[in-house]
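A.B. asks: Dropping a structure here in structure tokens format, bear with me for questions.
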Amino acid sequence: MISKCLFPAAGYGTRFLPATKAMPKEMLPIVSKPLIQYGVEEALSANIKTMAIVTGRGKRAIEDHFDISYELEQQIKGSSKESYLTEIRSLIQQCTFSYTRQIEMKGLGHAILSGETLIGKEPFAVILADDLCDNPQGESVLAQMRKVYERYRCSVVAIEEVAMSEVYKYGVISGKEIDSGIFMVDNMVEKPKEEEAPSNLAVIGRYILTPDIFDILRQTPPGKNGEIQITDALLEQCKKGMVLAYKFQGKRYDCGSIDGFVEATNDFYRKYH
Ligand code: G1P
């Protein structure tokens, strides 16, 4: 049973400076909704109601967003503007939010390990909010992954094919396709050079992890860029047991980059506004 979703949200968002100087990058809006709210909606669509958010300094706006703003509610009560708050109110009612702080920025693996206190000993989902996923024709990416997890009961990462010239931005896997779109991972490399990449199957910011990952992360030395990498811990997990990679249905926008952010903004404006 997966009941919790971890959101690593401590990063600085340097690519969006100066916008992210005093504002968390997870609060950047696509049209009128912050990135992290899309992430929470996706978790909820996979029937996950406990949101565990790993924050850092300067991230208090995230906590305020998932809380009631009494002053604002009073101001717009009875006006047509009230409807703008319907979605976020409903999220706050349906979900619980808990927070912990990552004190030092030592990489995604370290951020996930910082969340252990909120997760405990159960399988959990991870959403990187700057990867925005959309699948209007069917189930959300996390809901699809949940089904894969329920069938195989091991860690699952979401993957997509990227151009070889792009592999240096991602964790890249190789593996044997055991079912349509489901690969048993046999290698995983964090941000490889083109010539060192095991394939062009790139991991995107959606994971389902079994809790033994925490012990592995504790033993994982710093890797690429001197950071503790979830990719390295997952490779260790796949040597000990099994890790699956799932080619999801839908479209993913890299909203951690200006290009992806603008593309998502345009698409979402056209489709949903
Ligand atoms: C992180 C992971 C990488 C993964 C990517 C997906 O990198 O380290 O393995 O492919 O997220 O977005 P980041 O984009 O935080 O540098």
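A.B. asks: Restricting attention to segment 232-251, does a residue exist that is more than 22 Å from R153 (Cβ to Cβ), touching a Leu at 6+ places or on another chain (Cβ under 8 Å) and within 14 Å of the ligand (Cβ to nearest atom)? Working first, answer last.
C.D. replies: Filtering segment 232-251 down to residues more than 22 Å from R153 (Cβ to Cβ) leaves 232, 250-251.
Now drop any that are not touching a Leu at 6+ places or on another chain (Cβ under 8 Å), which leaves none.
No, segment 232-251 contains no residue that is more than 22 Å from R153 (Cβ to Cβ), touching a Leu at 6+ places or on another chain (Cβ under 8 Å) and within 14 Å of the ligand (Cβ to nearest atom).
A.B. asks: Taking segment 144-171, which residues are in contact with an Asp or Glu (Cβ under 8 Å, 6 or more places away or on another chain) and either open to solvent by less than 10 Å² (accessible area, probe 1.4 Å) or part of a strand (DSSP E or B) (or both)?
C.D. replies: Of everything in segment 144-171, those that are in contact with an Asp or Glu (Cβ under 8 Å, 6 or more places away or on another chain) and either open to solvent by less than 10 Å² (accessible area, probe 1.4 Å) or part of a strand (DSSP E or B) (or both) turn out to be V167, G171.
A.B. asks: Now for a different question. Do you know which residues across segment 96-132 are within 16 Å of the ligand (Cβ to nearest atom), open to solvent by 20 Å² or more (accessible area, probe 1.4 Å) and not in a loop (DSSP other than H, G, I, E, B)?
C.D. replies: L108, H110, L113, S114
A.B. asks: Out of the residues in segment 177-230 meeting the condition of being over 23 Å from P123 (Cα atoms) and small (G, A, S), tell me which one is farthest from the ligand (Cβ to nearest atom).
C.D. replies: Per the stated criteria, the residue is S180.
A.B. asks: Determine which member of the set Y12, Y38, Y70 is of a type in the set (F, W, Y) and surrounded by fewer than 15 Cβ atoms within 10 Å (Cβ to Cβ). Steps first, answer last, please.
C.D. replies: Details: Y12 fails: surrounded by fewer than 15 Cβ atoms within 10 Å (Cβ to Cβ); Y38 fails: surrounded by fewer than 15 Cβ atoms within 10 Å (Cβ to Cβ).
After applying the criteria, what remains is Y70.
A.B. asks: Answer yes if at least one residue in segment 205-213 is over 25 Å from G39 (Cα atoms) and more than 17 Å from the chain's Cα centre (by Cα), and no otherwise. Working first, answer last.
C.D. replies: Of the residues in segment 205-213, the ones over 25 Å from G39 (Cα atoms) are none.
No, segment 205-213 has no match at all.
A.B. asks: While we're here: Which condition from (1) over 20 Å from M188 (Cα atoms); (2) open to solvent by less than 70 Å² (accessible area, probe 1.4 Å); (3) of a type in the set (A, V, I, L, M) is the one that L244 breaks?
C.D. replies: Every listed condition holds for L244 apart from (1).
A.B. asks: Test of understanding: among S140, S155, which residue is within 16 Å of the ligand (Cβ to nearest atom), small (G, A, S) and farther than 16 Å from S3 by Cβ? Walk me through it before giving the result.
C.D. replies: Working: S140 fails: within 16 Å of the ligand (Cβ to nearest atom).
Exactly one of S140, S155 is within 16 Å of the ligand (Cβ to nearest atom), small (G, A, S) and farther than 16 Å from S3 by Cβ, namely S155.
A.B. asks: Scan A52, A43, A61 and give me the residue that is of a type outside the set (D, E, K, R), assigned to a strand (DSSP E or B), open to solvent by less than 60 Å² (accessible area, probe 1.4 Å) and touching a helix residue (DSSP H, G or I) at 6+ places or on another chain (Cβ under 7 Å).
C.D. replies: Details: A43 fails: assigned to a strand (DSSP E or B); A61 fails: assigned to a strand (DSSP E or B).
Among A52, A43, A61, only A52 is of a type outside the set (D, E, K, R), assigned to a strand (DSSP E or B), open to solvent by less than 60 Å² (accessible area, probe 1.4 Å) and touching a helix residue (DSSP H, G or I) at 6+ places or on another chain (Cβ under 7 Å).
A.B. asks: Search segment 252-262 for residues being in a helix (DSSP H, G or I) and within 15 Å of the ligand (Cβ to nearest atom), and hand back the single one that is least open to solvent (accessible area, probe 1.4 Å). Lay out the reasoning, then the answer.
C.D. replies: From segment 252-262, those in a helix (DSSP H, G or I) are 258-262; that's our starting set.
Going one step further and asking which of them are within 15 Å of the ligand (Cβ to nearest atom), we end up with 258-261.
On the way: I258: 92, D259: 125, G260: 8, F261: 34 Å².
So, considering only residues that are in a helix (DSSP H, G or I) and within 15 Å of the ligand (Cβ to nearest atom), the one least open to solvent (accessible area, probe 1.4 Å) is G260.
The values are calculated or read from the model by the stated rules, or taken from the named source; none is laboratory data. Treat the numbers as computed from the prediction; the structure is a model and nothing was measured. Cβ coordinates were reconstructed from backbone atoms using ideal geometry, including for glycine residues, and neighbour counts include every protein chain displayed. Surface areas here come from the heavy atoms of the whole protein model, side chains and all, with no ligands, DNA or RNA. Shrake-Rupley method; radii C 1.70, N 1.55, O 1.52, S 1.80 Å.
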